[in-house]
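The values are calculated or read from the model by the stated rules, or taken from the named source; none is laboratory data. Since we're looking at a predicted model, the values are computed, not measured. Heads up, the Cβs are rebuilt from the backbone with ideal geometry, glycines too, and the neighbour counts pull from every protein chain shown.
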Amino acid sequence: MDQLLINSGFPLLSVLIFLPLAGALVLLFVKNESLCRYLALAATGVVGLLSLRLVTGFDTTTDKFQFVEHHSWIETFNINYTIGVDGISILLILLTTIIMPFCVLASWSYIKTRVQAFMVCLLIMETAMIGVFVALDFVLFYVLWEAMLIPMYLLIGIWGGPRKIYASIKFFLYTLAGSILLLVGIIWLYTTNNYSFFIPDMMWQDYPLTAQVYLFLAFFLAFAIKVPMFPFHTWLPAAHVEAPTAGSVILASILLKMGTYGFLRFALPITPEATLLLGPYVLWLSIAGIIYGGFTALAQSDMKKLIAYSSVGHMGFVTLGIFVLNVDGLEGAILQMVNHGITTGALFLCVGMIYERTHSRELRSATGVGKYMPIYITFLAFFCLSSFGFPGTNSFVGEFMILAGAFQFGIANGGFPYLALAAIPGAVLAAAYMLRMLQKIVWGGTDNPDQSWITDLNSREIVTLAPFLFFVFWIGLGPQPFLDLIHTSVTQLLHHFDAHQAQQAVAAAGAIVH
Amino acid sequence: MDYKLLIALLIPLIGTLGVMFKGDNENIREGISSVSSILLLLVVGSMIPAVLQGKTLVFPMFTILPGVSVTLRADSMSMIFAIVASSLWTIAVFYSMGYMRGLKEHAQTRFNACFALSIFGAIGVAFSDNLFTMYLFYEIVSVCTYPLVAHHQDAEGYNGARKYIIYLTTTAKAFLLPAMILIYVLTGTLDFASNIHDGVFPEGVSGTLVIMLYIFCIFGFAKNGVMPFHHWLPGAMVAPTPVSALLHAVAVVKVGVFCTTRVMLYTFGTDTMHALNLGIPTAYFVGFTVIVASIIALSKDNLKARLAYSTVSQLSYIIMGVALLTDPGIQGGLIHIVNHAFSKITLFFCAGAIYVASHKKYISELDGLGKTMPFTFGAFAIASLSMIGAPPVAGFITKWNLLIGSVEAHQLGILLILIASTLLNAAYFAPITYRAFFGKRPVGEPFTGIKEAPLSMLIPILIACTISVLIGIFPDFMLQFVKAVTG
């Protein structure tokens, strides 16, 4: 267990995981709706504040797991409650804990029925999501991975739009289908690794290539559906469109990152050879997703669908960055996961705010509100600019690093950067669909509906959006503190990767000599 | 750390905020615009002595990644553009007060705020120390000028503005973004070189990649109006005339050519361009734009459209001069940033004055108007002489240097392009003046109600026109910056 770096003392991660759950239990006994809202806000807020301790206590010089807790759980099968944080997961945990209070705020007046149950779902969701990012035991991971489905299913199925049942079942089935093969893979790994579910022990082992390929495909199906990568994305627009605002925000900001997190945590270290073998196909699939997502987003008249398809394109950039397998690409990918969480989350909040006023997600019914909602469009404009990677905003930095990684990949592998150039139309399309949406909402055309009755944002809504804007510019103009957190883990991951390759090459050469 | 740079950048930004929050009172609002423009001019002016002594002022703001930062710098090349942008903003602010009030335009607060914000972008471009900073402000200019082009909010305005934003953002994303990232991957930094010769590319970089990057940069800065990505400029003429004047004769298009020439000289460098033989083909390529845009201008009856195509043609002079890669060529190109700005803004101001006074947009309607609007058409005549390149007006200095440059580069073809374009310039400008002063009013259309433009417009016109003449007679003040660039 040399990967562990146990921080003795306060079990911070457990508190982060179980505090929302405790909050959910308390909420079960609260009848007053208003009190429910305040309690949920308090629980998520405290978790958000406590999670800042992760940053101050995090050692950026090591790639080992930190804040580790280890307790025996089901001894018969050697299943443990082992949790920890490294550079790959820390930003995603923070993203989760910081976004959740704003999901509660965004539901303040949006959710009018069964407020208590809604808040309980949100809190259970938070427990499961934090758990997935910190789990170091594969069973623990899998349990929480599946556990996320239930509150999300309920969030869409109960508080969703007109086609909520269709959307929630589609979401449930897709994700479940993806993870069944994952379970088979986990069991194979368990039997191969001396009946241990401890994830770090499974990494960088010399599994036979055939086994690696099967494992990789199992991982790929589970995670590609979650990301979602083209062509496994069709559940996403349905789920986004029907979900309530908070549900869309959680989906876009956090759930989608589970897939790319899975690639980084499992696919790369457990199946390195298969990653090298199949990575190029994933790269071109990412390009397909970037282009497809862009064109489809351009054609949407429903604002939520537009942002949903834009997510397919943006997450294509993330998988592109992961599988070019160099420092710029990987760091850019992790940063871009955070950026997408911030920006797309904020865009869904913005659409939700329009929806609360006009009760329509159609772009046509929101045209020309700019004149009457100056504060709103100021926020919206910055988030749209951020979404298509305007320089000075967060997404630009991520996109820049990913594309720099892709260019390096091209130049290193034969000279001409075809791959990176193929991704460029995606960046152009992003500008096109985002500016189109922004233009329609702010200006419209000569036949706008009468919007003079519409009211600008209230102070609760401003408070909800302001932190997102803060992060848009902080990461956009000073990303170094964020990159410092992930740098060591990424370089070590690549170092392991190269070392493993070298070792394999030596072994192969030895085999030939014999 | 030179705080003057930061102050210069912040003045238009603070001006914008002031305009937005004091928008309900038009006197205070326009007072803020005027005061900011004058302050900016003073701050830029205060940097002149240091730069003339050969100093480079630098102000680092944000570090994004190692080698990628938002940093401001003022050297002689930035001063050329900064002086032009700040002084013409001052003049244009006063002019637009007269124009917008004269026509009782709507949404004047938005107009003034976006106007100031565009200058913020232009000043940022002028003072960029690296490609990233330049790209940042270049994109800010694109976005902030959209509301100005769409100002009238009618179908024509929306169409023009849509074309405008699609051309500018698409080319920037499709060409500049990959070029910038590839330059970063190849060199590890986006900073400009410290002189025009060395460039930033280390030995051993593939020539094919560098040529590709160069082409990307020429087309990526589509604000430079080089064909085939020039079409946004005539489309943007639906904007109110002060916008066409300041932005589409000066700030926006000069941002384009400034960026293009800055990258040609300070990223690629004359040595690399010589080595890969990029200069002369570029000169001929933009020579095509020079000639074709002039021919299109000949066919336009709409006065602003003719001026717009004239701008497309004249912008390519600047790139052509620099692409000759000889000292007089580079000097002639860069000085044309100044000369064209003052003369073309005069012409647009006149077009606006004619519209406010008579509501006439077409050249064929101008017969005999010169007698009722002698000052406006007098200024128009002088400024068009500058466009043609006749002494002693500013444009002559450009033509003179470009001709020497083409001879020194042994390019007879370029020489012929220059001569042909001069004839074309005369062919499309001279008839306007002729019609105004010597044409006959059509029968049955009396002069009732048409009189000389109001003083608030006439004074800026006369100032801009006078400067056009002065920098023709005394070119040394601006030439010293240009000569410092070539060293």
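Some observations on this one:
- Enumeration of residues in the stretch A:380-400 that are surrounded by fewer than 24 Cβ atoms within 10 Å (Cβ to Cβ) and either aliphatic (A, V, I, L, M) or more than 10 Å from every other protein chain (Cβ to nearest Cβ) (or both): A:ALA381, A:PHE382
- Looking at B:LEU117, B:LEU103, just one residue is under 21 Å from the mean Cα position of the chain (by Cα), more than 10 Å from chain A (Cβ to nearest Cβ) and closer than 23 Å to B:ALA251 by Cβ, and that residue is B:LEU117.
- Scanning the stretch A:207-231 for residues that are over 30 Å from A:VAL312 (Cα atoms) and in contact (Cβ under 8 Å) with a residue 40 or more places away in the chain, we see that the one that is surrounded by the most Cβ atoms within 10 Å (Cβ to Cβ) is A:TYR207.
- Exclusive hit being within 20 Å of A:PHE400 (Cβ to Cβ), away from chain A (no Cβ under 13 Å) and either touching a strand residue (DSSP E or B) at 6+ places or on another chain (Cβ under 8 Å) or of a type in the set (Ser, Thr, Tyr) (or both), set B:PHE201, B:PHE192: B:PHE192
- Per-region count, the stretch B:260-275, residues crowded, with 23+ Cβ neighbours inside 10 Å and over 16 Å from B:SER194 (Cβ atoms): 3
- Segments classed as helices (runs of 4 or more DSSP H), wholly inside the stretch B:194-263, with at least 1 members that are at pLDDT 90 or above, over 13 Å from the mean Cα position of the chain (by Cα) and not acidic (Asp, Glu): B:207-220, B:252-263
Residue-wise test of (1) under 29 Å from the mean Cα position of the chain (by Cα); (2) of a type outside the set (A, V, I, L, M); (3) closer than 28 Å to A:LEU276 by Cβ.
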site	(1), (2), (3)
A:GLN439	yes, yes, no
A:GLY445	no, yes, no
A:LEU465	yes, no, no
A:PRO481	yes, yes, no
A:ASP484	yes, yes, no
A:ASP498	yes, yes, yes
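- Scanning the stretch A:402-421 for residues that are touching a Pro at 6+ places or on another chain (Cβ under 9 Å) and either farther than 21 Å from A:TYR281 by Cβ or among the small types (Gly, Ala, Ser) (or both) gives A:ALA406, A:GLY410, A:ALA420.
- Some residue of the stretch A:356-371 being more than 14 Å from every other protein chain (Cβ to nearest Cβ) and either buried (at least 24 other Cβ atoms within 10 Å of the Cβ) or under 23 Å from B:GLU139 (Cβ atoms) (or both): yes
- Test: residue in the stretch A:68-89 that is in a helix (DSSP H, G or I) and within 17 Å of the chain's Cα centre (by Cα): no
- Picking from residues in the stretch B:172-185 that are of a type in the set (Val, Ile, Thr) and within 9 Å of chain A (Cβ to nearest Cβ), the one that is surrounded by the most Cβ atoms within 10 Å (Cβ to Cβ) is B:ILE181.
- Test: residue in the stretch B:240-249 that is surrounded by fewer than 24 Cβ atoms within 10 Å (Cβ to Cβ) and within 22 Å of B:ARG162 (Cα to Cα): yes
- The stretch B:450-474, subset under 15 Å from B:ARG101 (Cβ atoms) and not hydroxyl-bearing (Ser, Thr, Tyr), residue nearest to the chain's Cα centre (by Cα): B:PRO460
- Residues in the stretch B:281-290 that are more than 17 Å from B:PHE216 (Cα to Cα) and surrounded by 17 or more Cβ atoms within 10 Å (Cβ to Cβ): 3 in all.
- Verdict on B:GLY160 being within 11 Å of chain A (Cβ to nearest Cβ), in a helix (DSSP H, G or I), farther than 24 Å from B:GLY279 by Cα and among the small types (Gly, Ala, Ser): no
Each row is one residue, and each column tells you yes or no for (1) of a type in the set (Val, Ile, Thr); (2) assigned to a helix (DSSP H, G or I); (3) within 20 Å of B:GLU139 (Cα to Cα); (4) more than 9 Å from every other protein chain (Cβ to nearest Cβ).
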residue: A:ILE402; (1), (2), (3), (4): yes, yes, no, yes
residue: A:PHE409; (1), (2), (3), (4): no, yes, no, yes
residue: A:ILE454; (1), (2), (3), (4): yes, no, no, yes
residue: A:VAL463; (1), (2), (3), (4): yes, yes, no, yes
residue: A:PHE471; (1), (2), (3), (4): no, yes, no, yes
residue: A:ILE486; (1), (2), (3), (4): yes, yes, no, yes
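- Residues of the stretch B:39-71 that turn out to be more than 14 Å from every other protein chain (Cβ to nearest Cβ) and crowded, with 16+ Cβ neighbours inside 10 Å, as a count: 10
- Every residue from the stretch A:285-337 that is under 18 Å from A:GLY262 (Cβ atoms) and of a type in the set (Ser, Thr, Tyr): A:SER286, A:SER311, A:THR319
- Given (1) part of a helix (DSSP H, G or I); (2) farther than 17 Å from A:ILE130 by Cα; (3) in contact (Cβ under 8 Å) with a residue 40 or more places away in the chain, number of the condition A:ALA43 does not satisfy: (2)
- Qualifying positions in the stretch A:413-433 - in a helix (DSSP H, G or I) and facing chain B (nearest Cβ under 10 Å): A:ALA420, A:LEU421, A:ALA423, A:ILE424, A:PRO425, A:GLY426, A:ALA427, A:VAL428, A:LEU429, A:ALA430, A:ALA431, A:ALA432
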